[in-house]
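Read the structure below first, then the notes.
The values are calculated or read from the model by the stated rules, or taken from the named source; none is laboratory data. On a predicted model such as this, the values are computed, not experimentally measured, just so you know. FYI the Cβ positions are ideal-geometry reconstructions off the backbone, even for glycines, and counts take in every protein chain you see.
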Amino acid sequence: MRKPYQIWRDRRGRLSLLRIVTLIVLLIPVAIAVRAYATTGFGARPLNDLIHRAGYWCLIFLVASLAVTPLRSVARHGALIDVRRMLGVGAFAYAAAHLALYVADQGYDLRKVASEIALRLYLTIGFGAWLGMAALAATS
């Protein structure tokens, strides 16, 4: 019988401190957002603030995942490659949250969302990037 996949274990099945730290780092932005909401709220447009936060952290984790390969070569630390997939899938999770929050901000009107994506170049580029990330995340 095959063991279930556990994100905190390496390919050999051993507990990986690097993977645990990466998982915690991926969850820190969610904890920060929950704390900000509990203490001060998000202002007059809470969805707008959450959209920006999710997009920001998506970019941070995407750049971090892309930086793993050159960093692994420079640092000569092969275990870094284990967290590249985690960072990439985490970046996609924040991108998916970014898109879902945008749809919520538009009142779940999918026709309006599709129209906005078609009319605004930055949304078209962002949606194209999201589709590419979705394909990569699905195969990870």
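Annotations
- Ala134 being part of a helix (DSSP H, G or I), modelled with pLDDT of 95 or more and more than 25 Å from Phe42 (Cα to Cα): yes
- The residues of the range 1-27 that are closer than 14 Å to Met86 by Cα and without any contact (Cβ under 8 Å) to a residue 12 or more places away in the chain, listed by number, are Tyr5, Gln6, Arg9, Leu17, Val21, Ile24, Val25, Leu27.
- Qualifying residue in the range 87-108 (condition: without any contact (Cβ under 8 Å) to a residue 60 or more places away in the chain, under 30 Å from Arg12 (Cβ atoms), surrounded by 14 or more Cβ atoms within 10 Å (Cβ to Cβ) and among the aromatic types (Phe, Trp, Tyr)): yes
- Top-ranked residue in the range 109-131 [being closer than 21 Å to Leu59 by Cβ and loosely packed, with under 11 Cβ neighbours inside 10 Å; ranked as nearest to the chain's Cα centre (by Cα)]: Leu131
- The set of residues from the range 18-53 being loosely packed, with under 11 Cβ neighbours inside 10 Å and over 27 Å from Ala100 (Cα atoms) is empty.
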